[in-house]
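Notes to accompany the following structure.
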Amino acid sequence: MKLTVIGCGHLGATHAACMAELGHEVLGMDSDMDKVAILNSGKAPFHERGLDDMLAKYTATGQLAFTASYAEAAAFADLHFIGVGTPQQPGTSDYDLSQLFGAVRRLAPRLTNPAVVAVKSTVPVGTAPRVRDMLHEYAPAGDAVEVVWNPEFLRESHAIEDTLRPDRLVLGVDAHHSRAEAVLRQCFGRITASGTPMFVTDWATAELVKASANAFLATKISFINAIAEFCEAAGADVGRLADILGQDARIGRHGLRPGLGFGGGCLPKDLRGFVARAEELGVGRSLAILREVDAINDRRRERTVELARRQLDGDLGGKRITVWGAAFKPGTDDIRDSPALAVAQKLHELGAEVTVSDPKALDNARKTCPELDFVADPVIAVQDADLLLHLTEWPQFSLVHPRRLAVGVSAPKVIDGRGTLDPVAWREAGWNFRALGCP
Ligand code: UGA
């Protein structure tokens, strides 16, 4: 099939490459010309495992290309995926839908043939009819343009496998149309043929299922982090507790990693947008639990700063602190709402001299936090530090031998904010070792 993908950020660029991998001819469209140039050179403008290889392969064969022109996109195909960003509106809990409506508004007047527009972006429930109305109003093809809601569940750092081998596919369709479902079934045929279930439902359910999934994932993380607070007070070990809890298949160990909590471009803003929309619809009380989920998550950051202060005898002024981690999680260079950087910035505000090390995210972090120091080598970054904080659990950090590190540090102190360092090895190497959620 021929198709386009409008919006080539993490979601869109991965989707475009994966659609080429499924055998389709794909034109990615993004209004950022620099991004388009990088993608056309066969590279991703961000770090995502395996994506560069895939982009290089399919841009070389011509099966995948990128453009900044809506006219080219509209002329290229009659199936258009939209994967533009829907960030949080600054100062509110609501989604900023300007990129989505902007894309629809620019695409629509160029749709002269019957077409299917499949939206992947995460939105507040009730957005699909607004997109349909805009398309019908502005497209010359009128109501022959159909809307499908096709939410995406990919995780950064696992984006390709989540796109090609998802747990499920969801199509939200308009009850009055059936062509769109057939087109999407054909598009995803190779995925469903390998056993992935496809759920066809109404628009509102498709919109809500995505928001509910992220709200549930966030709740699970905050649940174990609330227990971590309890463990700290009670002298228990939340890591062991989570291992034992996770043995119950109804609970499961996935998403139950205690620590500094969640960040990124999705979970925090989706949680807030979900609650804000529930309130608009008069059911805010039903989702009151999610406010606490957000609050628990914030408290993890505060707790880490507090623990750092205590480890440094109550005074952060002029203290040299090294933070391992800038990305919001390992495997990505994405620093949006990064818990590690939020803690680093807070420590700096409180007077500490903060040095940050990260295998992939330093360039992005440097742009956003010029007040911090950055050192690529995690061992060099720790030299002369008064305190080390391990805040993004890159495997590289766990591989550094604590004895090697302790050499350049006069009174070695470490706080493990992610529970992946081995306390026994660090203590044996002479470190004063503290971890979130442990006595
Ligand atoms: C999340 C969802 O997992 C995806 O299913 C969804 O498609 C995506 O948002 C989206 O809406 O686009 P992602 O933001 O890539 O994906 O990251 P996750 O792997 O879910 O991690 C989110 C945050 O939670 C990270 O900061 C991570 O460190 C933290 N986390 C995760 C924990 O603190 N504990 C855990 O057990 C799991």
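The values are calculated or read from the model by the stated rules, or taken from the named source; none is laboratory data. This one's a predicted model, so the numbers in the text were calculated from it and none came from an experiment. Note that each Cβ is placed from the backbone with ideal geometry, even for glycine, and that neighbours are counted across all protein chains shown.
If a residue has to be touching a helix residue (DSSP H, G or I) at 6+ places or on another chain (Cβ under 6 Å) and within 11 Å of the ligand (Cβ to nearest atom) to count, how many in the stretch 201-231 make the cut?
8
Any residue at all in the stretch 375-390 that is closer than 22 Å to K319 by Cβ, within 16 Å of the ligand (Cβ to nearest atom) and not assigned by TED's automatic domain parsing to the domain that holds D237?
yes
So L341 passes all but one of these: (1) without any contact (Cβ under 8 Å) to a residue 40 or more places away in the chain; (2) in a helix (DSSP H, G or I); (3) over 22 Å from P402 (Cα atoms); (4) more than 15 Å from the ligand (Cβ to nearest atom). Which condition number does it fail?
(4)
Which number in (1) part of a strand (DSSP E or B); (2) surrounded by fewer than 21 Cβ atoms within 10 Å (Cβ to Cβ) marks the one condition that G172 misses?
So the condition that G172 fails would be (2).
The rows are residues; the columns are (1) assigned to a helix (DSSP H, G or I); (2) among the aliphatic types (A, V, I, L, M); (3) out of contact with any Leu (no Cβ under 9 Å at 6 or more places or on another chain).
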{"residue": "S31", "(1), (2), (3)": "no, no, yes"}
{"residue": "V36", "(1), (2), (3)": "yes, yes, yes"}
{"residue": "M54", "(1), (2), (3)": "yes, yes, no"}
{"residue": "K57", "(1), (2), (3)": "yes, no, no"}
{"residue": "A71", "(1), (2), (3)": "yes, yes, yes"}
{"residue": "G91", "(1), (2), (3)": "no, no, yes"}
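What residue, among those in the stretch 5-50 that are without any contact (Cβ under 8 Å) to a residue 40 or more places away in the chain and closer than 18 Å to L107 by Cα, is surrounded by the fewest Cβ atoms within 10 Å (Cβ to Cβ)?
M33
Name the residue that is surrounded by the fewest Cβ atoms within 10 Å (Cβ to Cβ), counting only residues in the stretch 235-288 that are among the basic types (K, R) and within 11 Å of the ligand (Cβ to nearest atom).
Here is the first cut: in the stretch 235-288, the ones among the basic types (K, R) are 240, 250, 253, 257, 269, 272, 277, 285.
If we keep only those that are within 11 Å of the ligand (Cβ to nearest atom) as well, we get 253, 257, 269.
Values: R253: 14, R257: 19, K269: 22.
Within the stretch 235-288, the match that is surrounded by the fewest Cβ atoms within 10 Å (Cβ to Cβ) is R253.
Just to be sure before I move on: is K360 of a type in the set (K, R), assigned to a loop (DSSP other than H, G, I, E, B) and within 24 Å of the chain's Cα centre (by Cα) in the structure I sent?
On the way: of a type in the set (K, R): yes; assigned to a loop (DSSP other than H, G, I, E, B): yes; within 24 Å of the chain's Cα centre (by Cα): yes.
Yes; evaluated as a whole, the condition is true for this residue.
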